[in-house]
């Protein structure tokens, strides 16, 4: 961390507020939703951080809309909100933990050892991330820059409106969650920082390991889950996620939680509320980055597939789950309304600001077919067949679906397989229709964006292996 930031008086107290207030708020929110530490001791803190950070950012958005950027006052407000949620949680039915499948002592020790190793490695990576200031790549050129504009404008004021019309604010249409986390840090230091504002993002890196390990813990044989976790830890993009304040992590983590909640809901035999975790994950996706909208669309298609397959049975989605989907749509409407108010436009959809000056639909119509081999070749050579990118796991997933499609689609993993396939297809189509220079866009973003599906895909592969193991043992 910047020595100036470290040596400031009371910096430890400030850092504790940066992390502690959202975490406590998240615990209160989880309690109000019906989850306690006993629901899952491994994933609970990760869920809490996601819920707390989302709530903090939304309250901060309202705070800045009325231009009242007083850090101590918003901390008091958030603590009061946490107290109210804790009180409401007293009357909410508690969700007990899922019954863990039986395993041998050596398998337990193996998985615990791998999870401990993953935590230690991630913690070391997070410490190393504080050795570099934010000065390049997306975290500097538009994510933290947007946060700086909001902070220096005193909120969403006329000064911000003037800045929004300028050319230097890149991708102003992107969801506000990332910039608001930067503002959250700036407010507490009462100035723009260049390292400390990574701290909230590092919490998501640790939450990812907690939630992924929690999901893989239910996989049998246990060594499969341990191996998948190790492979994920070795992926290059997974390392980058622990070092940069990007938005890709939000989409990957949100999709993982969305899938994990859905799988838990299917596994539970009684009236459970695990679907609420899926709703929380969907909110993180759509407010984290534009690709989150693709995740939401793919999820809706998967829900339709499941509904058609389970119509008239007890396995069909509940009305409560359908109502819960209103939460991510709220963030969609919030972002669209904000962009319309300040005139932010997507260069992907409209072509405005894109080097080629054309939107995605025009580019698809005029150049889509000729770009298919180019985009496909780059994704094949830069992602699918590169072990440093995804450890061949995306290729393994596609191979499984292609070789045993009926086995996949007839299982409870069918809808999630459809969603993962549609997401990858959607990324492919986006690059076919990009209004930016194709070679540069593919080189700088294709492998990074495709990796967003990896956390959920890793969990899917683990559960699929568990499914095969149960079929063999039955």
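Read-outs throughout are calculated quantities, based only on the coordinates presented, and are distinct from any laboratory measurement. Source: prediction; values computed, not measured. Counting neighbours? That spans all protein chains shown, and the Cβs are built from the backbone with ideal geometry, glycine included.
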* Asked: Among 271-277, 16-22, how do they line up from the highest to the lowest mean number of other beta-carbon atoms within 10 Å?
  -> 271-277, 16-22
* Structure fact -> The alpha-carbon center of the range 209-226 and that of the range 56-95 are separated, in whole Å, by 33
* To do: Based on the mean of other Cβ atoms within 10 Å per residue, sort peptides 227-234, 115-122 so the most packed one is first.
  => 227-234, 115-122
* Structure fact -> Among (1) 21.1; (2) 39.1; (3) 22.4, the entry matching mean projected area of the Cα convex hull in nm² as calculated here is (3)
* Please report, to two decimal places, log10 I(q)/I(0) for the range 345-474 at q = 0.13 Å⁻¹ as given by the Debye formula with identical point scatterers on the Cα atoms and no solvent. => -0.61
* Asked: Counting other C-beta atoms within 10 Å, which of 360, 12 has the fewest, and how do the rest follow?
  -> 12, 360
* Structure fact -> Counted neighbours (other Cβ, 10 Å), sorted fewest up, put 428, 423 in the order 428, 423
* **the chain, relative contact order [Cα under 8 Å, separation at least 6], %** => 17
* Which order do the peptides 285-292, 56-63 take when ranked by the mean count of other beta-carbon atoms within 10 Å per residue, highest first? => 285-292, 56-63
* Run the quick spin-label model on residue 161 and residue 304: label points 7 Å from Cα toward the beta carbon, then report their separation in nm to one decimal. => 4.0
* **Contact order normalised by residue count of the range 25-82, Cα under 8 Å, 6+ apart, percent** => 45
* Structure fact -> Classified through the alpha carbon gyration tensor (a ≥ b ≥ c as square roots of its eigenvalues; rounded if a/c is under 1.5, else prolate when a/b is larger than b/c, else oblate), the range 85-148 comes out oblate
* Asked: What number, rounded to the nearest 500 deg cm²/dmol, is the helix-based mean residue ellipticity at 222 nm of the chain, given -39500 (n - 2.57) per DSSP H run of at least four residues and division by all its residues?
  -> -21500 deg cm²/dmol
* Based on the alpha-carbon gyration tensor of the range 72-183 and its eigenvalue square roots a ≥ b ≥ c, which shape applies: rounded if a/c is under 1.5, prolate if not and a/b is larger than b/c, or oblate? -> oblate
* Structure fact -> At the level of C-alpha centres, the distance separating the range 100-147 and the range 160-205, in angstrom, is 22
* Structure fact -> In whole angstrom, the spacing between the Cα centers of the range 404-461 and the range 236-292 equals 15
* Shape of the range 202-300 from its Cα gyration tensor (a ≥ b ≥ c, root eigenvalues): rounded if a/c is under 1.5, otherwise prolate when a/b > b/c, or oblate? -> oblate
* **Footprinting exposure proxy for 404, 251 (fewest neighbouring C-beta atoms within 10 Å first)** => 404, 251
